[in-house]
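The values are calculated or read from the model by the stated rules, or taken from the named source; none is laboratory data. Not measured: the values here are computed from a predicted model. Methodologically, a virtual Cβ is constructed for each residue, glycine included, from the backbone with ideal geometry; neighbour enumeration extends over all protein chains shown.
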Amino acid sequence: MKIGFITPSLSVCGGLQRVQTLLANDLAGRHQVIIIALEDGSMPPYYELDRRVRVVYEDIFQRVKNQIPWGAVRAAARKYQFVLPAWAARHAYYPGKIIRELQEKWEKEGYDCLIASTAFCSVLLGLMAGKMRDVEKIGWHHNSFSIYFQTPGKSAYIQQKLAGKVLKRLDALVTLTRQDKDEYKRWMDLEAKYIYNPLSFSSEKKADTSEKKLLFVSRLETQQKGLDFLIRIADILFHQRGHTDWKLEIVGAGSGMEEVRKMIAEYSLANYVDLLGEKKNVIDYYTRASVFLCTSRWEGFGMVVTEAMECGLPVVSFKTDGPSEIIRDGENGYLVDNFNLEQFADAVERLMKDEKLRKEMSENASVRARDFSVERVGEEWEKLFRDPGKYQNI
């Protein structure tokens with residue numbers, strides 16, 4: 001098959017780019033794979049692509065930015081966060097001339113399947129569906145329904161009415177969790193599919209969970225990743241409950257870096273919390289820790305959770321969408337009521353105090369991680385390609 005991925009960008013560091021690269025590289029061994037990036041190509045792909053994957057850059061949407069009068073409509077909708085009628089969103093974000101240009105180009109390329117990452121790209125592909133009857137058209141959503149369509153200021157909130165109409169024209173819409181699949185049915189009456197994200201690596205080495213180290217790995221964004229929760233939980237564990245023989249390592253970088261640094265100082269945690277920045281050898285940090293913490297307010301999936309499990313770490317997380325389907329509560333980690341910090345600290349403390357329990361959960365975590373291997377996830381995508389309409393993830 002000739003498969004094309006439509007994506008906003010390849011050049012940034014993000015979960016979408018990483019997962020898309022993993023899947024494209026896996027499929028390239030069996031199919032002809034092209035990634036269509038809606039950017040100018042001035043920056044190289046952030047993640048390493050298989051040499052057999054071809055990249056095409058298409059910055060045609062740059063023309064839309066200053067378009068009058070629709071530019072003013074977009075600006076007003078963003079400022080006041082009102083949902084546009086479907087026809088208005090169609091004209092404001094997806095001009096007919098651009099749709100036709102891209103459609104003709106992609107038809108000429110002879111794709112057998114087009115996979116549109118993100119809500120924006122899925123709506124774009126859905127608008128072409130009536131003309132591209134010989135091409136499998138699949139939307140692939142990397143964030144939760146609530147973040148895409150129900151949260152003002154986020155992603156496709158402004159376009160939700162248009163999305164509700166055109167996403168149904170796709171041959172399949174793929175979400176990252178069963179729960180999110182159900183949300184599309186509930187709110188849009190749309191029969192979506194779900195396929196979990198693949199692991200980004202495999203590790204022969206596993207944590208022995210004997211070291212007194214807690215670990216947090218993430219892009220540092222305060223609101224989504226719950227960095228404020230993380231520091232307050234650290235305060236409970238180290239200051240209020242006296243676990244001063246343990247340490248918390250924070251691996252990652254992002255817009256919240258300085259805010260975390262200030263919170264560490266504010267709570268007098270410099271002796272217990274190490275802010276390490278972004279690390280290339282992240283497996284080394286997973287395998288030297290004993291418990292992994294996920295404090296996110298929301299997660300489309302939660303790749304760091306499966307990475308931690310691959311390295312043999314039990315995980316404590318709030319009951320957000322992705323982690324709730326990955327973690328088996330009491331078996332390979334704990335799921336905590338949103339956003340109960342004392343309960344979260346209780347779960348972490350239970351693991352801190354009981355090395356035998358940590359080791360049991362570590363073994364269970366490694367077993368669970370096998371369900372997310374790139375080979376297994378690739379098999380699910382192959383099944384989807386064979387019959388998008390009938391595919392079901394059991």
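Quick notes on this one:
- Reported count of residues in the stretch 92-115, each being surrounded by 15 or more Cβ atoms within 10 Å (Cβ to Cβ) and without any contact (Cβ under 8 Å) to a residue 24 or more places away in the chain, is 1.
- Listed by position, the helices (runs of 4 or more DSSP H) inside the stretch 299-380 whose residues that are among the aliphatic types (A, V, I, L, M) and farther than 17 Å from Lys213 by Cβ number at least 2 are 303-310, 355-369.
- Any chance Glu191 is acidic (Asp, Glu) and either in contact with a strand residue (DSSP E or B) (Cβ under 6 Å, 6 or more places away or on another chain) or surrounded by 17 or more Cβ atoms within 10 Å (Cβ to Cβ) (or both): no
- Condition met for Lys168 (under 17 Å from Thr118 (Cα atoms), in a helix (DSSP H, G or I) and modelled with pLDDT of 95 or more): yes
- Qualifying residues in the stretch 275-302 (those that are farther than 24 Å from Glu360 by Cβ and within 15 Å of the chain's Cα centre (by Cα)) - the one surrounded by the most Cβ atoms within 10 Å (Cβ to Cβ): Glu299
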